[in-house]
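Below is one structure, written out as structure tokens, with a few remarks after it.
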Amino acid sequence: MTNPQWNAVDAYFTETIAPADEVLTAALADSAAAGLPEIAVAPNQGKLLHLLALTQGARTVLEIGTLGGYSTIWLARALPADGRLITLEYDPVHADVARANIARAGLEKIVEVRTGAALDSLPLLEAEDAGPFDLVFIDADKVNNPRYVEWALKLSRPGTLIIVDNVVRGGKITTPNPEDPAITGTRELFDLVAAEPRLDATALQTVGAKGYDGLLIARVVD
């Protein structure tokens, strides 16, 4: 689902208050040249992640789903020089593209890209005492979103912000008994968050260059 007016408004927002720079433009271009799917967050959404990390005063960030590192760059730019961002990417080709994009951005000392299934990497982070993270951004396979939020809780502290992308699914989130595993996983995510007393959450619908979708934003309260 798309709409020319949505795209025009997104372009206006980007040009006026979230302008691209050479590093971000090159990250998208190199990702496309490497054949990565064009599913990175929109520029104004990347700026939103950046501002949320700044507002949070984040020093440590966990990202689940790196793709080409576009959102990673937005988030890492919000961190102090001694900050730390760990991003998990399943596909080794995607991870290599992301590492190159992150290095071009001068963020390789802050960002660590780990390759492999996130559900294998997350227990290792717990074993390493890598947390707690101040902000967790989840933008990976939707089937496992509930498990990712469970792990985000394990690796969090009171006050941690958890953001989950793509939770509207073009409006299909309201489909009863969906056959699409991505929608099933997303509905399970909402059920989990609604029942979890340690989370205070809301969700927002978005329209724009990336179509009709939305974000879930939760704060760890205990």
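When restricted to residues that are open to solvent by less than 80 Å² (accessible area, probe 1.4 Å), of a type in the set (D, E, K, R) and at negative phi, the range 164-206 contains 4. Against the numbered list (1) in contact with a helix residue (DSSP H, G or I) (Cβ under 9 Å, 6 or more places away or on another chain); (2) within 21 Å of GLY68 (Cα to Cα); (3) in a strand (DSSP E or B), ALA201 comes up short only at (2). Scan the range 130-153 for residues that are touching a Ser or Thr at 6+ places or on another chain (Cβ under 8 Å) and open to solvent by 50 Å² or more (accessible area, probe 1.4 Å) and jot them down. Within the range 130-153, PRO132, VAL143 meet the criteria.
Step by step: first the residues of the range 85-129, then only those that are under 17 Å from ALA40 (Cα atoms) and acidic (Asp, Glu), then the one that is least open to solvent (accessible area, probe 1.4 Å). Which residue is that? Selected residue: GLU89. For the range 75-95, filtered to residues that are in a helix (DSSP H, G or I) and in contact (Cβ under 8 Å) with a residue 40 or more places away in the chain, the residue that is nearest to ALA29 (Cα to Cα) is HIS94. Taking residues in the range 176-190 that are without any contact (Cβ under 8 Å) to a residue 60 or more places away in the chain, and partners anywhere that are open to solvent by 80 Å² or more (accessible area, probe 1.4 Å) and charged (D, E, K, R), the pairs with Cβ atoms closer than 9 Å and at least 6 places apart or on different chains are PRO178/LYS172; PRO178/ARG187; ASP180/LYS172; ALA182/LYS172; ILE183/LYS172; THR186/LYS172.
Report yes if some residue within the range 27-37 is farther than 25 Å from TYR212 by Cβ, open to solvent by less than 40 Å² (accessible area, probe 1.4 Å), in contact with an Asp or Glu (Cβ under 9 Å, 6 or more places away or on another chain) and not acidic (Asp, Glu); otherwise report no. No - not one qualifying residue is present in the range 27-37. Candidates SER156, SER121: the one that is part of a helix (DSSP H, G or I) and either without any contact (Cβ under 8 Å) to a residue 24 or more places away in the chain or out of contact with any Ser or Thr (no Cβ under 8 Å at 6 or more places or on another chain) (or both) is SER121.
Here VAL23 clears all of (1) open to solvent by 50 Å² or more (accessible area, probe 1.4 Å); (2) out of contact with any Phe, Trp or Tyr (no Cβ under 9 Å at 6 or more places or on another chain); (3) closer than 21 Å to ILE110 by Cα except the condition numbered (1). Residues that are out of contact with any Ser or Thr (no Cβ under 6 Å at 6 or more places or on another chain), surrounded by 18 or more Cβ atoms within 10 Å (Cβ to Cβ) and part of a helix (DSSP H, G or I) within the range 54-72 comprise TYR70, SER71, listed in sequence order.
Does GLY170 satisfy the condition of being in contact with a Phe, Trp or Tyr (Cβ under 6 Å, 6 or more places away or on another chain) and in a helix (DSSP H, G or I)? Yes; evaluated as a whole, the condition is true for this residue. Filtering the range 10-20 down to residues that are assigned to a helix (DSSP H, G or I) and either open to solvent by 60 Å² or more (accessible area, probe 1.4 Å) or touching a Phe, Trp or Tyr at 6+ places or on another chain (Cβ under 9 Å) (or both), which residue is farthest from GLY106 (Cα to Cα)? Within the range 10-20, the match that is farthest from GLY106 (Cα to Cα) is TYR12.
Could you please let me know if LEU51 is surrounded by 17 or more Cβ atoms within 10 Å (Cβ to Cβ) and either over 30 Å from ARG157 (Cα atoms) or not β-branched (Val, Ile, Thr) (or both)? No; evaluated as a whole, the condition is false for this residue.
Within the range 206-221, residues that are at pLDDT 95 or above and among the basic types (Lys, Arg) sit with their Cβ atoms under 8 Å from residues that are open to solvent by 40 Å² or more (accessible area, probe 1.4 Å) and in a strand (DSSP E or B), at 6+ positions apart or across chains, in these pairs: ARG219/ASP200; ARG219/ALA201.
The values are calculated or read from the model by the stated rules, or taken from the named source; none is laboratory data. Remember, predicted model here, so these are calculated numbers, not experimental data. Note that we place each Cβ from the backbone using ideal geometry, even for glycine, and neighbour counts take in every protein chain shown. Note: accessible area is taken over every heavy atom of the protein model, side chains too, but ligands, DNA and RNA are not part of it. Shrake-Rupley method; radii C 1.70, N 1.55, O 1.52, S 1.80 Å.
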